[in-house]
1. Just report the Cα centroid separation between segment A:238-279 and segment A:41-98, whole Å.
2. Net charge near B:Y32, counting Lys/Arg +1 and Asp/Glu -1 over other residues with Cβ under 13 Å of its Cβ?
3. For A:V374, what charge total do you get from the other residues with a beta carbon under 15 Å from its beta carbon, if Lys and Arg give +1 and Asp and Glu give -1?
4. Kindly rank A:100-106, A:169-175 from highest to lowest mean number of other beta carbons found within 10 Å of each residue.
5. If you take every residue apart from B:P68 with its C-beta less than 15 Å away from the C-beta of B:P68, what net charge results, scoring Lys and Arg +1 and Asp and Glu -1?
6. Which of A:K346, A:K89 comes first, and how do the rest follow, when ranked by fewest Cβ neighbours within 10 Å?
7. Using only Cα atoms, what Kirkwood radius does segment A:335-437 have, in angstroms?
8. Provide a whole-number value for the mean count of partner chain Cβ atoms within 10 Å of the Cβ atoms in peptide A:36-47.
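Laboratory data are not the source of any read-out in this text; all were calculated from the coordinates shown. All of these numbers come straight from a predicted model, not from anything done at the bench. Don't worry about glycine lacking a Cβ; one is built from the backbone with ideal geometry, like all the others, and counts go over all protein chains shown.
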Amino acid sequence: MSAAEAGIVVVGASLAGLRGAEALRRHGYAGRLTLVGDEPHRPYDRPPLSKHVLSGELAPDATVLPERAALDAQWRLGHAAVALDRDAKAIRLADGSVLAYERLLIATGAQARPWPAASGGALAGIFTLRGRDDAARLRTALAGGPARVLIVGAGLIGCEAASCCRDLGLPVTLVDPNPTPLARSLGTWVGGVIADCLRDAGVTFHAGAQVLRFAGDASGRVARAHLADGGAVEADLVIVALGATRATDWLSGAGLMADAGGVTCDGACRVLGADGTPCPDIYAAGDVARWPNPLYGGRLMSVEHWGNAVAQAAHAARNMLAPSEDQQAYHHLPAFWSSQFGINIKAVGLSAGAGADAVAIVQGSRASRRFLAVYGRAGRSIAAVSFDQARWLPAYAEAVAAGQPFPPIRDASDQGGFLAMAPGFPPPRAAPTPIEAHHG
Amino acid sequence: MTDPIASAPGEAAPLRVVVDLNRCQGYAQCCYAAPGAFEVRGHEILFYDPAPPRARRGEIERAVQACPVRAISLQADRGDTP
């Protein structure tokens, strides 16, 4: 098959892959289109997995995504891409088959960071939560009525899982090295509100605690976690919620700038070769893509959120079909949502990742758990978060995107005075890495 | 290039719905247009059925139209991914 006949291959059949394929068709691409996915499932939506699927309100297979354009695609599902040969313009799949491409869109996303087997990760009853099969297994285990659920990691997924488990009436212990939940994404000042929610919901929260290893019973099932402070938590079901690593293993040996933090692209989402020059026929989008975002001075970042998968895939698809002199840069203001403990949380911008030095409530109050808070850095507004005040958020998102003063809106008739607080972000992790806006 | 899991959609296949919850502002118009398929919990958490039965197609389409921020996507017809 000639390269032109091979057409466009999209590797990754989740949200970014699907939305990228739709955009290719919407922009008039009429050639051969192939989607490759490691899971046997059609593209499905992930956010409900850690909420309504765990609670049992939705079946794990209920969240198949709608197609927003006729795809007329070939589907290669259930076989991961395992290698990329740029010289041959072909990828190899896990079943040994080889798939030629004319142009390639990399949208392989990320995978849950597992607990190491050497410290008990292979025991029965230890789960991660990323895909639909993970959610189905975990849901079945939760429905079996464990004596105590231990959740390791109080990021968004860990907190959402804790909220679901309490809704199910299960005893829950949540462990995190930081002083509050959501400390890395929202800071301890805002995270303290969720700490209060945890307490009210009856979750046992071990702040500043670190799990060293898991120990099992005679049948090889997890029985307890040993903590760094010498304590232990008895638990027969463990959810490891320690974020994700980018699915780039299959690209090792392809001569690209790719590692566990993502595959590096230029501003137009073209993947960079190891020598730093963009590959004209390979693009990336979604969780796996690391690109210089013009909204942050061209700093390299990857954004592991739903909205970025949608927008970046559409942008990359547009550029894939455009001539080389019309490659447009991808600007993106990160945004995410979560719901937990009955609160709708929505955020825009980068707070810790962009060095927030202050936070202030600009609508509502922390005590009521209904508020809008703005994060500032050096007198500019850089991010905003809403707790059950979503309708205010678009106005602040505009102010954040425009880099307006902190706080940006000062004289609304329903506002009180402002008190800027320290946001309380934990110190960065040891190794300096490019920015990651993540859901962990 | 056979599809290992293709199956005939048939009239019984559910609709497919997804809501962009970044866009959603909690106006709850979908809940009036299609009660039972969309529901607001607490102050503004939208819970919805991503796979409503085909018999609800009319009301789901009204919900799509009623959303002031155009956050709801619906696939009612057979597509590539039955």
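1. Here the answer is 18 Å between Cα centres.
2. -1
3. Within the 15 Å Cβ shell, the charges total +2.
4. Taking the mean over residues of other Cβ atoms within 10 Å, the ranking is A:100-106, A:169-175.
5. +2
6. Lowest to highest Cβ neighbour count: A:K89, A:K346.
7. Evaluated on segment A:335-437, it is 13.9 Å.
8. Values: counts 0, 0, 0, 0, 2, 2, 8, 1, 3, 5, 0, 3.
Averaged over the peptide's residues, the number is 2.
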